[in-house]
Amino acid sequence: MRKQEKGENRKALPKFALTMLGSLLLGGVIGFAVGCSRAFGLEAAALAEGLSRALEAATPWGIPVTSVLTLGTCFLLYRSAAKKYAAWGGGDEDETSEAIEQALSWALLLSAVQLLVNFFFMAAFCVYCIDGEISALALVGVFVVSCGLVIFAQQKAVDLERKMNPEKHGSVYDAKFQKKWLESCDESERRQIGQACYRAYMVTGRFCMGLWLVLVILSLVFELSLLPVFVLLLVMGVMQVTYSLECIRLSKRPSL
């Protein structure tokens, strides 16, 4: 057992060392570029001001433009899936059912992305405080309408999924939808959900570490406070602690 552990450690150590070396080299290159930018008189404050103005100008149009694109695509995907379902007739698992599942999955993904985009531009609106009561009310109205359409699109996709699989139950309008949907899944689907969640956990953890590195480097160029780093580490900490506590809880559950 010890020989096996030592062998695995020796096998993984070179890759770990190369990763650390690559990170140091990347940091050195970025630091050198920052120094050169300052030497040639490139002001970070001017760059930040330009980006801020561009975002301020895009904020009023962010939600309506992206909503038309993403929700329009969701509608086309749902329509395609609905047509395939109408011609399918409900047989065994085949290419038609898989195509329907893929279309619905993409529709749900795009609607979820649009919801995040709505939250981002709504937060940007609160930051920049666009002048005019009419403009403010219009943007809030567009935000509410877009979120409502997102939820409606998700519910239509879920309804079609339930038609294909009558054993499924749950409504997007229900606060406990995800729990009820998981309870109606079979063992194979639960295993797939578990694998997807673990993949999301790993990718999110690595992304958070990369984003932390980016924020640290940007703090050398821009005047950043510790708040972004604190929020990032808070999210990462909640994710890791929740994962560990859930593993501990599940390990105590009696096996069936």
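The values are calculated or read from the model by the stated rules, or taken from the named source; none is laboratory data. Model, not experiment: these values are computed from the prediction. Heads up, the Cβs are rebuilt from the backbone with ideal geometry, glycines too, and the neighbour counts pull from every protein chain shown.
For the criterion of being under 17 Å from the mean Cα position of the chain (by Cα) and surrounded by 11 or more Cβ atoms within 10 Å (Cβ to Cβ), residue 243 fails.
Per the listing 80, 135, the residue uniquely at pLDDT 85 or above, surrounded by fewer than 19 Cβ atoms within 10 Å (Cβ to Cβ), more than 24 Å from the chain's Cα centre (by Cα) and in a helix (DSSP H, G or I) is 80.
Checking 219, 188 one by one, the residue that is of a type in the set (Gly, Ala, Ser) and either more than 30 Å from residue 77 (Cα to Cα) or surrounded by 12 or more Cβ atoms within 10 Å (Cβ to Cβ) (or both) is 219 and no other. Contact map, the range 100-129: residues that are under 24 Å from residue 172 (Cα atoms) paired with residues that are surrounded by fewer than 15 Cβ atoms within 10 Å (Cβ to Cβ) and of a type in the set (Gly, Ala, Ser), Cβ distance under 9 Å, separation 6+ or inter-chain. Pairs shown: 121/58.
So that you can scan it fast, the table gives a plain yes or no per residue for (1) at pLDDT below 90; (2) part of a helix (DSSP H, G or I); (3) of a type in the set (Gly, Ala, Ser):
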residue: 182; (1), (2), (3): yes, yes, no
residue: 188; (1), (2), (3): yes, yes, yes
residue: 194; (1), (2), (3): yes, yes, yes
residue: 204; (1), (2), (3): no, yes, no
residue: 211; (1), (2), (3): yes, yes, no
residue: 215; (1), (2), (3): yes, yes, no
residue: 220; (1), (2), (3): yes, yes, no
residue: 238; (1), (2), (3): no, yes, no
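In this structure, residue 149 qualifies as touching a helix residue (DSSP H, G or I) at 6+ places or on another chain (Cβ under 6 Å) and of a type in the set (A, V, I, L, M, F, W, C).
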